[in-house]
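Following: one structure in structure tokens, then a few remarks.
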2 protein chains.
Amino acid sequence: MIIENNINLDHIDLAILRLMQDNSRISNVHLAKELEMAPSAVLERVKKLEQKEVIVQYTTRINPAAVGLKLLAFISMKASHSLGCTTTATELAKIAEVQEVHIIAGEDCYLVKVRTADSASLMELMRTSFSKITTIVSIRTTIVLETVKEQQQLVIPENKK
Amino acid sequence: MIIENNINLDHIDLAILRLMQDNSRISNVHLAKELEMAPSAVLERVKKLEQKEVIVQYTTRINPAAVGLKLLAFISMKASHSLGCTTTATELAKIAEVQEVHIIAGEDCYLVKVRTADSASLMELMRTSFSKITTIVSIRTTIVLETVKEQQQLVIPENKK
DNA sequence: CATAATAAATGAATATAATTCGGATTATCT
DNA sequence: AGATAATCCGAATTATATTCATTTATTATG
């Protein structure tokens, strides 16, 4: 079951999410101090947020250049039987170098974010992986020259209640 | 100093990064078991990866819908004095709802990823924030209808050595 | 090639933190 | 109001992080 809104999340849950979004390795006792609560109570809330899949993953952001990933590209694609059939998107999603696959409004069908070592490896990826997806009709590749900002931090709103 | 490549990272560092990328809350002892090393040695390596800024951040991925963020958009922008002056990008980067700002090759200048509650709040953001950036000449907004995949997991390569 | 210098790993001791759970408290529903 | 469920607390236990002196391995250099 997918959570559709923040109706179940009170201001304490949102505070936990804000703190953990900024630092997922924050200790439970530190969390508890920030929230002025007992560690056990905070832990229980965190577990519930995990169960409810409000928390999707604890992850480490790594400097891509540090592991040799110097190329970032956005690829717009058109696919045959574009709507209704989600197989194209599903196939794209299977590719590890593909970080994002979005179905978009407008003339193109998909917007895909890809990260590789360099342009040669992007070409390689296109030859080996994209070309196998036969429903792809056309693609337009946009190379990123420089990334000024890149983060997934959500602006977590205050709860009404 | 910015790390440019993985020349300093051996296969153990890369293994640490792979494990921590998948789960940043993995315990140090568990890491050590996986790597068949002493916890103290692993800890030292992790601290170094942090110092070297190979590890940028430990973060929690949150289901955006769970906190009421139901709209994702990509905005292509043209700016005056496009190259050379980075102020437009810097101003865009300051906006919390802006998750990504990329300088791209091609006719447009910037590609911006924005996440808001809904289309009304995107409009609001445009009126209040984007409109203040006077160097923006034109924008083209692409609304995401559905996100099939969204993750920043890097494909961490093997080291040559 | 030897050896000094540097870096990394180990293991044990200590300090912190996570986790559990019975009982108290608070919120919710009718 | 009274019952039910949810949340919270605090102490005990278990597990983990952290430190550091020593050993081992790697690297640089005469």
TODO: Would you check if B:Val98 is among the hydrophobic types (A, V, I, L, M, F, W, C) and under 14 Å from the mean Cα position of the chain (by Cα)?
DONE: yes
- [ ] Pull up segment B:77-109, narrow it to residues that are more than 8 Å from chain A (Cβ to nearest Cβ) and part of a strand (DSSP E or B), then point me to the one that is nearest to A:Glu158 (Cα to Cα).
- [x] B:Met77
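Considering every residue within segment A:25-48, establish whether at least one is more than 16 Å from DNA strand C (Cβ to nearest atom), within 7 Å of another protein chain (Cβ to nearest Cβ) and over 30 Å from A:Phe130 (Cα atoms).
Within segment A:25-48, not a single residue is more than 16 Å from DNA strand C (Cβ to nearest atom), within 7 Å of another protein chain (Cβ to nearest Cβ) and over 30 Å from A:Phe130 (Cα atoms).
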Task: Set A:Leu111, A:Leu49: member being at pLDDT 95 or above, in the same structural domain as A:Ser24 (by TED's automatic domain parsing) and surrounded by 15 or more Cβ atoms within 10 Å (Cβ to Cβ) - done: A:Leu49
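Residue-by-condition table, conditions (1) within 16 Å of DNA strand C (Cβ to nearest atom); (2) of a type in the set (Val, Ile, Thr); (3) touching a residue at least 60 places away in the same chain (Cβ under 8 Å):
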position	(1), (2), (3)
B:Lys52	yes, no, no
B:Val56	no, yes, no
B:Thr60	yes, yes, no
B:Asn63	no, no, no
B:Val67	no, yes, no
B:Ser76	no, no, yes
Task: Any hit, segment A:120-141, residues being without any contact (Cβ under 8 Å) to a residue 60 or more places away in the chain, in a strand (DSSP E or B) and within 25 Å of B:Met77 (Cα to Cα) - done: no
Task: Residue in segment B:142-158 that is more than 11 Å from every other protein chain (Cβ to nearest Cβ), surrounded by fewer than 19 Cβ atoms within 10 Å (Cβ to Cβ), touching a residue at least 60 places away in the same chain (Cβ under 8 Å) and aliphatic (A, V, I, L, M) present - done: no
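The values are calculated or read from the model by the stated rules, or taken from the named source; none is laboratory data. Only a predicted model underlies this, so the values are computations on that prediction, with no experimental measurement involved. Because the Cβ atoms are built from the backbone with ideal geometry, glycine has one as well, and the counts that use them run over all protein chains shown.
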